[in-house]
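Engineer: There's a structure below that I have some questions on.
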Amino acid sequence: MEDANHALAGQKSDQINSERRLKKLETALADAQANAKRLQEEKDQSDRDMRERETQLLNRDRELEDLQERLEESERQRANLSRELEELVSHTDDAGKSKIELEQAKFQLENQLKELKQQFEELAVEKQRANNVGIFILNRKAHKTGEVIKGLR
């Protein structure tokens, strides 16, 4: 009978130890699941941020193209006005007033051209910054994904 009691006590002890290990494993599993959920939420947020940045980048590209077209059109207008000015200066002696008006128009167009070039350069810098941010986010996301895989092993 004593042997049976001793065996029963051993089995009880084994059962208690098994229950403790099971509880620890369940806690570790819950922690891992919570961590995986948190990382998935971070990944989803990062994906949303990336899509937003891509949209912004595409919008900047369109703006840049529009500005480039406006710049080219302004350059064509300036060239046309310069040709007209040269023609008027060479063909008219009493066109002093017209010459002044054309020079003023030329000056205004050149100022517009400078402004458009400045806007173009600013958009190019902003586009580069957006590209850099996108690359940084991709690298960070790739790094975190690697940590998740290591943590689950």
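The values are calculated or read from the model by the stated rules, or taken from the named source; none is laboratory data. Worth saying up front: this structure is predicted, and the values here are computed from it rather than measured. Cβ atoms come from the backbone with ideal geometry, glycine included; neighbour counts cover every protein chain shown.
Engineer: Among residues belonging to segment 1-58 that are more than 30 Å from Asn139 (Cα to Cα) and of a type in the set (Val, Ile, Thr), point out the one that is nearest to the chain's Cα centre (by Cα).
Structural biologist: So, considering only residues that are more than 30 Å from Asn139 (Cα to Cα) and of a type in the set (Val, Ile, Thr), the one nearest to the chain's Cα centre (by Cα) is Thr27.
Yes/no matrix, rows are residues, columns are (1) of a type in the set (S, T, N, Q); (2) free of Cβ contacts under 8 Å to residues at least 12 places away in the same chain; (3) loosely packed, with under 14 Cβ neighbours inside 10 Å:
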| position | (1), (2), (3) |
| --- | --- |
| Glu2 | no, yes, yes |
| Gln11 | yes, yes, yes |
| Asp14 | no, yes, yes |
| Asn17 | yes, yes, yes |
| Ala30 | no, yes, yes |
| Asp66 | no, yes, yes |
| Gln77 | yes, no, no |
| Lys106 | no, no, no |
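Engineer: Let me ask another. Going through Arg62, Arg21, Arg53 one at a time, which residue ends up being farther than 30 Å from Asn131 by Cα, at pLDDT 90 or above and charged (D, E, K, R)?
Structural biologist: Arg21
Engineer: If only one of Glu75, Glu41 is in a helix (DSSP H, G or I), acidic (Asp, Glu) and over 28 Å from Glu126 (Cα atoms), which one is it?
Structural biologist: Just a single option satisfies the conditions, and that option is Glu41.
Engineer: Could you figure out which of (1) surrounded by 14 or more Cβ atoms within 10 Å (Cβ to Cβ); (2) modelled with pLDDT of 95 or more isn't true of Lys43?
Structural biologist: So Lys43 meets the others, but not (2).
Engineer: Assigned to a helix (DSSP H, G or I) and closer than 30 Å to Gln112 by Cβ: which single residue out of Arg53, Arg48, Arg62 fits that description?
Structural biologist: Only one candidate qualifies: Arg62.
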